[in-house]
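The structure appears below as structure tokens.
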Amino acid sequence: MNRIVNQPRGPTTQGRTFSEEVIAQTPGDDPRLSMCLQCGTCGGSCPSGADMDYSPRELFAMIDADMRGEVLSSNTPWYCVSCYYCMVRCPQDIHITDIMYTLKRMAIQEGFSQESNAKDAPDFSETFIDFVENYGRSFELGLATLYHLRHHPMNAMRMATGMGFDLFRRGRMNLLPTRIDNIDQLQAILAEAKAIGGNGDANL
Amino acid sequence: MMNNENFEPVIIGFTCNWCSYRAADLAGTARVKYPPNVRLIRLMCSGRMDPTFVLQAFAGGADGVLITGCHPGECHYLEQNLKALRRTMLLKRTVAQFGIEPERVRLVWASAAEGVHLAHMITDMVEEIRALGPLNWPQVAALNGNSHVPVLKKAATVSEEKVEVAA
Amino acid sequence: MQTYSYYPGCALERNAAVYHDSLMAVAESLDLTFTEVEDWNCCGATEYITIDLIPAYALVGRNLALAAEQNCNGRSLVAPCSACFLNLKKTDHYLAQSPELNRQVNQALAAGGLHYDPGSVHVKHLLEIVAEDVGFEKVARAVKRPLYGLKVAPYYGCLIVRPAFDGTFDDAEQPSSLDVLMRTIGAEVVDFPAKAQCCGGHMTQISEEVALHLIHQLLKNAVDHGADVIAAICPMCQLNLDAYQDAVNKHYGTDFHIPILYFTQLLGLAFGFGEATMGIGQELVDARPALANIQSKPLKPPRRKRPSKKELPMPPKLQEV
Amino acid sequence: MMPQERIGVYICHCGSNIAGTVDVEELSSWAGEALRHRGVVVARDYKFMCSSLGQDLIAKDIKEDKLTRVVVAACSPHLHEATFRKACADAGLNPYLCELVSIREQVSWVHTDKVAATAKAKAVISGGVERVIHHEPLEPMSVPINPATLVVGGGIAGIQAAMEIADSGFHVYLVEREPSIGGHMAQFDKTFPTLDCAACILTPKMVSIGSHPHVTLLTYSEVEQVDGYVGNFSVRVRKKASYVNHDVCTGCSICEEKCPKKVVDSVFEAGLGYRKAIYRPFPQAVPKYPVIDAENCIYFDTGKCKACEIHCEAGAIDFEQEDQIIELNVGNIILATGYDLFDARRETQYGYGRLANVFTSLEFERLTNAAGPTNGEIVLRDGETKPKAVGIIHCVGSRDRKFNNYCSVICCMQSLKFAHLVKERTGAEVYNFYIDMRTAYKEYDEFYQRVLSEGVHFIRGRVAEVTDVSNTPEEEERLVIQTEDTRMGKQRRIPVDMVILSAALEPRHDSDEIAHMFGISCSVNGWFIEKHPKLDPVATMTEGIFIAGCAQGPKDIPSTVTQGAAAAARVLGRIQQKELALEPIRAEVTEALCSGCRICNNLCPYHAITFDEAKEVSVINAALCQGCGTCVAACPSNAISGTQFSNEQVMAQLEGLLMLNMAEPVLA
């Protein structure tokens, strides 16, 4: 990374700064990103904060400095466990967790998600939604196995022989998820939703 | 239908001496530009805004009326701006009954620090009224004789009283 | 008799089937009826929103639209899974806040012949309705076999109390409704300061290290305070604490074997249902040894040690829910 | 019809400020022509109307042309209305017959098109001309000022204000809710930044107020009702029964010693210590007499005990005593009602109320106070263990949208003081956790430097949580402060034995009711609103009501004392004037028109409108009326007129603005 952050990097091709883009793509009336005081409540509250390469607070400063590449290749959003501690404690009511989801979507869209050391996470999400799109229901443990088969064959073996087997034995694991009756309807809705633009500006 | 683009509406603005009139002063001091379609009348408080003034403004040829006051909770006279709020709500209903688009009456809160905000609101309102076109009020002639105005005012005041009792 | 629309969520179909079954059993004792939303789909968990915004909201939107359509008399929609609860509630909340998002999501729903007006479905978590709508008094009346002597650590996790969209029903940091509920059925509630901490969610799949750390912290805190059993209100929490306990022990060299039961299972036991009916034994860490601690009479409260003369007074506690 | 008035119109160039955008010559010639039929006899433009030459121009015309009305088109009336009114008065014209219309702030500075700007300026002048025709000569009203003053609140702000006024020889009634004056300052041990002992500097002031010949001290008392207006308020005060006859009590305190009922003292000891059911909050209390807290008294509960009565040799105990109602007449009122401390239990993640060794700032003040429950020893809640590490958390309940959006001003300095005291008295490791360090005042940053040099740790980061969930053996049985150290962007967990929460200052829980009773208002945050935040910080919008100290907003002791003195100075100024001139912008009822509907009665925020049952009409008290005009607008019979803002004036201005007054119809 450059040692000096050159400012301003200016608006992107869509005529918006990076910060404005993040705000526009985050649902709700206003994620209040610009209100950050840099107090560190979020970074301090985060259960997986120790493993993040930047604290959420630092990411917000970097967003403000238009450090798009650095922000989108950070592992921070991928380590977010969605516990919402940061959001309820933030003295400025910034929608931190929602912003993390926005950053994940942007990272995937712009091909940055493979940069971070959490590069398997997007695949996990993709695998999950494959199930949802095909069956209408998810399949948490089958999903885990399939995911691990792709990325961590050893873990998958462990799942299959250890815990997975135990769960299966207790009838807590399916071999196939249930399919909803009206899967056509769901698929039509999702197809239309994707056609609308996926990351359409929620705030426009 | 006339071409509204060339239409220059006349808007009468009622401002409160303590906040919004000072906001207008501040817009001036800060050289914030807005269209020259608004002419302001200074009142001591938005609570002074008599519904008759608004009807008279329309009768006299105004295309819109802007009422401005202190933000709720910041009224110089404790809470008279809330009375202006209630009156404006009733007034919008009353003018609608007279065939006037309620959008022609607009209530805006502006503190003495919000010169830019007030200027934006004025610009926005001018554009909105321009899009609506000139006020076309069949009763104008009748009202010019002033005969309806006290009746109207009474109606608005009495219903305000009811609102206050209900509240 | 109170009737609710019911959104079980995927986990209750299989992995957390005991949660569903035990709920259905205790529902009768509490005069509750649940009408399952027909043909509901997955809420997307925390995954769909990671990939695509509008489809993620449309996915949840379909459930809300179905619930609204099938819900003729303004019943609340109840989700027993905290993640489902949050997704349903959050979607409704943001759709109401953002007209453009609402328009786009409804455009997608229209492709399936559906429509949803934000605000028309009132989403509640199962614990919320037991604590607030049913009330502790009614629960107390249903108790036949109080769980005297069973030391329970009430575990809330995150998503029922956080984020606080339109105000949650309980404190975001130190909630107390489940504590009161467990005391109502005779159990002894242990102090469990970690009660609203995160179970790791899907981090078991992303970074096992992080997940095991969080799970370890929870298990340790419950065991440190002498809990026999942890009461859970969410299938994800139950799964992580139950299924990864072995991995935690291996990783940290610990020897935890604290069972994780759904709060409905404990309610059922107190209401007099048998262990088998309550699905005891489905958990990986066997709950039966812990349940053997249940006494027929309340334990004598431990003698409070006399405070020293020097001791300074504590501020009065804020009232529990 | 011949116009009745002779009007002069004066247009200011303001250098190029107006003339650059508005065609001023065109304006003056237009006004002279087009408004002649409305009475304009002279219209001039001049480079700077507000200059003495400009003013002379007006004066000369008033005299020579016998002008009866003047319209000046220049800058905002808020800038030069007084100037031109005075110029008119000097020339013999009643100042209220002059109208200033703004063609600078509202025309030349905000518009760019010269033609459009000139057209608008014409409308503005036309409105002014129409309005001024309906102006009436007015005289300022005057009201006599009762020289006695009521000060509400006996903290340092109220004490200072009372002292200044009483020392000047005027009488003060000082009303205090608690049994003693002294307020929060009396609870403190040391005061920053000089660390002088609070009691040493405060108690002499308390004593001299208590014995001042010009002060009537009404402790254990509350104001119940306020009527009247500036110069002449009548105030009803309830003096609560203390069940102790002050005429015979010697203040020996044997009753306190013998009282068997111990109660947690949640006021003076901030909940950290005990008092008896009969008590003085602290030994140096002023007045020195104890009160019986009937709620906790065994006698009042069971009818038995009377230990205090038995042991009182003076026979001062009087269980039959009743509340006393005292009526006061005063000319001015100073409200110095202080603040409440934020209830730190609401910020659950810091564990106050759950974790024994989490203390609030006020608890810690009592802990360090030599007269406090531990005789000044800094120990844990067990009353004996000395802490080895102490964390001090700033901004608890402040700068947080969930609780209070504002900075509580004193917490940084207070936390530095705490850090110093802990370090000095226990040698413990001290950690300060802050968002921003705010030490902006004389000698304040120097104090920060001093505490830095004493080896106190400063961690920039708002604490995420204080927890007893331990992760490591070092954390066992201790409190762990988890935060992001924003200096390095790393999470830190710091085990300590004691946590001190620098809790926010909040408006008194009943500040809304107090404001309503005295006819003033509260800001969104609940603090009393001053007349002007910078230029009139101790006056309020209600004449005769002043505010001082934390009731107006969080502040430290020096600022509080300054405000107390400032409010006193304002009151003294009023008293010395003996009577007060009021702006004659008032509403009046024309009795003949009033239908007696009473709609206006409840609309007045100042309770200025009453109903005369005999005449069946509403009556407005001119001294109470502040001229907002709400009643004028609401009167369905047009029976109320507002001077300077009458219906006729506004309607006329409206017609003028819409150019309905032109001899030839002009399409606006």
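Details
- Only one entry of D:18, D:11 meets the criterion of being crowded, with 24+ Cβ neighbours inside 10 Å, assigned to a helix (DSSP H, G or I) and modelled with pLDDT of 95 or more, and that entry is D:18.
Yes/no matrix, rows are residues, columns are (1) more than 30 Å from residue B:38 (Cβ to Cβ); (2) within 14 Å of chain B (Cβ to nearest Cβ); (3) assigned to a strand (DSSP E or B); (4) among the aromatic types (Phe, Trp, Tyr):
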residue	(1), (2), (3), (4)
D:111	no, yes, no, no
D:125	no, yes, no, no
D:143	yes, no, yes, no
D:146	yes, no, no, no
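- The sole residue among C:157, C:149, C:200 that is part of a loop (DSSP other than H, G, I, E, B) and surrounded by fewer than 24 Cβ atoms within 10 Å (Cβ to Cβ) is C:149.
- Note on region A:16-42: among residues that are free of Cβ contacts under 8 Å to residues at least 40 places away in the same chain and within 7 Å of another protein chain (Cβ to nearest Cβ), the one that is surrounded by the fewest Cβ atoms within 10 Å (Cβ to Cβ) is A:38.
- Subset of region C:44-59 (residues that are in a helix (DSSP H, G or I) and either surrounded by fewer than 24 Cβ atoms within 10 Å (Cβ to Cβ) or not aliphatic (A, V, I, L, M) (or both)): C:48, C:50, C:51, C:55, C:57
- Of the criteria (1) without any contact (Cβ under 8 Å) to a residue 40 or more places away in the chain; (2) not in a helix (DSSP H, G or I), which one residue B:92 fails: (2)
- Filtered by the rule that a residue be among the hydrophobic types (A, V, I, L, M, F, W, C), at the interface with chain B (Cβ under 8 Å from one of its Cβ atoms) and either more than 11 Å from residue B:36 (Cα to Cα) or in contact with a Gly (Cβ under 6 Å, 6 or more places away or on another chain) (or both), region D:91-109 gives a lone residue, D:109.
- Picking from residues in region D:592-606 that are closer than 20 Å to residue D:515 by Cα and free of Cβ contacts under 8 Å to residues at least 60 places away in the same chain, the one that is surrounded by the fewest Cβ atoms within 10 Å (Cβ to Cβ) is D:602.
- Of all residues in region A:23-69, those that are assigned to a helix (DSSP H, G or I) and hydroxyl-bearing (Ser, Thr, Tyr) total 3.
Residue-by-condition table, conditions (1) touching a Lys or Arg at 6+ places or on another chain (Cβ under 7 Å); (2) under 21 Å from residue D:288 (Cβ atoms):
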position	(1), (2)
D:155	no, yes
D:225	yes, no
D:229	no, no
D:247	no, yes
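- Taking region D:216-238 as the range and being closer than 14 Å to residue D:152 by Cβ and among the β-branched types (Val, Ile, Thr) as the test, the residues that pass are D:216, D:219, D:223, D:226, D:235, D:237.
- Residues satisfying the stated conditions in region C:30-63, i.e. more than 12 Å from chain A (Cβ to nearest Cβ) and either over 30 Å from residue C:136 (Cβ atoms) or free of Cβ contacts under 8 Å to residues at least 12 places away in the same chain (or both): none
Here's the yes/no breakdown for (1) assigned to a loop (DSSP other than H, G, I, E, B); (2) within 13 Å of chain A (Cβ to nearest Cβ); (3) in contact with a strand residue (DSSP E or B) (Cβ under 7 Å, 6 or more places away or on another chain); (4) surrounded by fewer than 23 Cβ atoms within 10 Å (Cβ to Cβ):
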{"site": "C:248", "(1), (2), (3), (4)": "no, yes, no, no"}
{"site": "C:273", "(1), (2), (3), (4)": "yes, no, no, yes"}
{"site": "C:278", "(1), (2), (3), (4)": "yes, no, no, no"}
{"site": "C:294", "(1), (2), (3), (4)": "yes, no, no, yes"}
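- Test for residue D:609: is it touching a residue at least 24 places away in the same chain (Cβ under 8 Å) and of a type in the set (Val, Ile, Thr): no
- Among the conditions (1) touching a helix residue (DSSP H, G or I) at 6+ places or on another chain (Cβ under 7 Å); (2) closer than 30 Å to residue C:307 by Cα; (3) of a type in the set (A, V, I, L, M), the only one that residue D:437 does not satisfy is (2).
- The residues of region D:225-278 that are in contact with a strand residue (DSSP E or B) (Cβ under 8 Å, 6 or more places away or on another chain), under 18 Å from residue D:295 (Cα atoms) and β-branched (Val, Ile, Thr), listed by number, are D:244, D:263, D:264, D:278.
- Look at (1) touching a Gly at 6+ places or on another chain (Cβ under 6 Å); (2) within 7 Å of chain D (Cβ to nearest Cβ); (3) part of a helix (DSSP H, G or I); (4) under 28 Å from residue D:606 (Cβ atoms) and you find that residue B:40 fails only one, number (3).
- In region B:111-118 there is no residue that is in a helix (DSSP H, G or I) and out of contact with any helix residue (DSSP H, G or I) (no Cβ under 8 Å at 6 or more places or on another chain).
- Residue that is on the phi < 0 side of the Ramachandran plot and within 14 Å of chain C (Cβ to nearest Cβ), where the choices are D:381, D:425: D:381
- Screening residue D:543 with (1) assigned to a loop (DSSP other than H, G, I, E, B); (2) more than 12 Å from chain B (Cβ to nearest Cβ); (3) free of Cβ contacts under 8 Å to residues at least 60 places away in the same chain; (4) of a type outside the set (S, T, N, Q) gives one miss only, at (3).
- Residue B:73 within 7 Å of another protein chain (Cβ to nearest Cβ), under 23 Å from residue B:123 (Cβ atoms) and surrounded by fewer than 24 Cβ atoms within 10 Å (Cβ to Cβ): no
- Qualifying residue in region D:354-363 (condition: modelled with pLDDT of 95 or more, crowded, with 19+ Cβ neighbours inside 10 Å and assigned by TED's automatic domain parsing to the domain that holds residue D:200): no
- Restricting region C:1-29 to residues that are in a helix (DSSP H, G or I) and small (Gly, Ala, Ser), the residue that is farthest from the other protein chains (Cβ to nearest Cβ) is C:29.
- Matching residues in region D:452-470 - criterion: being within 9 Å of another protein chain (Cβ to nearest Cβ), over 14 Å from residue D:392 (Cα atoms) and not in a loop (DSSP other than H, G, I, E, B): D:467
- Residue A:167 fulfils the conditions (1) more than 7 Å from every other protein chain (Cβ to nearest Cβ); (2) within 20 Å of residue C:17 (Cα to Cα); (3) at pLDDT 65 or above except for a single criterion, (1).
- Failed item in (1) under 30 Å from residue D:358 (Cα atoms); (2) surrounded by fewer than 17 Cβ atoms within 10 Å (Cβ to Cβ), with residue D:261 passing the rest: (2)
- Residues of region D:267-305 classified as in a loop (DSSP other than H, G, I, E, B) and exposed (fewer than 15 other Cβ atoms within 10 Å of the Cβ), total: 5
The values are calculated or read from the model by the stated rules, or taken from the named source; none is laboratory data. Computed from a prediction, not measured in an experiment: that's the story for all the values here. Reconstructed Cβ throughout: ideal geometry from the backbone, glycine too, with neighbour counts over all protein chains shown.
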